Amino acid sequence: RTETFKTVFGAQKADAGDVHVQGNLLGHTAPARSIDRGVAFLSEDRRSEGIFPRLSVRDNIVASVLPRISRFGFISYRKQEALVKRYIEELGIKTAGPGALISTLSGGNQQKALIARCLSTHPTVLLLDDPTRGIDVGAKEEVHRVVQELADEGLAVVVTSSEMEELLELT
């Protein structure tokens, strides 16, 4: 499942086949192209493939959209703060503030910050690879709530899980 998601996202080379998003061939050149075409991917391995542990919650959320919130190499503070504030509130990320190191957050709140990073790209398809792996039961419920709300709003959310009960809960 992980290899399939990475291949669809362009982080791994495909052996064969094509992926189409809204009728358009996605191609498998690079993750940046997938993001531009409306695909976002959240890895199952939050610690080694997700968060930037030495950066703030703010920097982790905006990492995928820096070109969209900057001009001539300068980041728009106003755009950055509006984006970060929006997702902290919408996803209920519990943090001491946007400037807090992401490594100080619980696993569930780190995961929600990574979901915020994905959502900041305005995807049409969100690939979540085992999104509740390694987080506590309360945080799982919060992530499930967020995933269900996104799907209810019309976002195509594709979820893998190592727990069958989780998949049944999300249908």
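The values are calculated or read from the model by the stated rules, or taken from the named source; none is laboratory data. In this text, all values refer to a predicted model and were calculated from it rather than measured experimentally. Cβ: placed from backbone, ideal geometry, glycine included. Neighbour counts: every protein chain shown. All accessible areas refer to the heavy atoms of the entire protein, side chains included, with ligands and DNA or RNA removed. Shrake-Rupley method; radii C 1.70, N 1.55, O 1.52, S 1.80 Å.
Our summary of shape: the Cα atoms of segment 7-105 have principal axis extents of 46, 31, 25 Å, ordered from largest down, in whole angstrom.
In this calculation the C-beta distance from residue 45 to residue 145 is compared with R0 = 22 Å, giving a FRET efficiency of 0.45. Ellipticity at 222 nm from helices only: DSSP H runs of n ≥ 4 in the chain, each -39500 (n - 2.57), divided by the residue count, give -12500 deg cm²/dmol. Would segment 86-129 count as rounded, prolate or oblate if I go by the C-alpha gyration tensor, calling it rounded below 1.5 in a/c and otherwise prolate when a/b exceeds b/c, oblate otherwise? Taking the square roots of the gyration eigenvalues as a ≥ b ≥ c, segment 86-129 is prolate. Within the chain, the longest segment free of exposed loop sites, counting GluC sites (Glu not before Pro) that fall outside DSSP classes H, G, I, E and B and have at most 16 other Cβ atoms within 10 Å, spans 1-152.
Would you mind pulling out the separation of the Cα centroids of segment 92-171 and segment 1-66, in Å? Here the answer is 15 Å between Cα centres.
Of 6/112; 13/140; 85/112; 6/94; 6/79, which pairs sit farther than 22 Å apart, going by alpha carbon to alpha carbon? In this structure, 13/140; 6/94; 6/79 lie more than 22 Å apart at Cα. Classification of the chain by its C-alpha gyration tensor yields an oblate form. The axis ratio a/c (a ≥ b ≥ c) is 1.5 or more, and b/c is at least a/b.
Leaving out ligands, DNA and RNA, what percent of the accessible area of segment 55-102 is carbon and sulfur, probe 1.4 Å?
Whole-percent figure for carbon plus sulfur exposure: 59.
Taking all protein chains into account, the per residue accessible area for segment 5-55 stands at 61 Å² (1.4 Å probe). GNM on the chain, alpha-carbon springs under 10 angstrom: the most fluctuating residue among 123, 67, 31 is 67. Take every pair of alpha-carbon atoms less than 8 Å apart whose residues are at least six positions apart; their mean separation over the length of segment 1-149 yields a relative contact order of 29 percent. Each peptide in 32-38, 73-79, 94-100, 56-62 was scored by the mean count of other Cβ atoms within 10 Å over its residues; highest first, the order is 56-62, 32-38, 94-100, 73-79.
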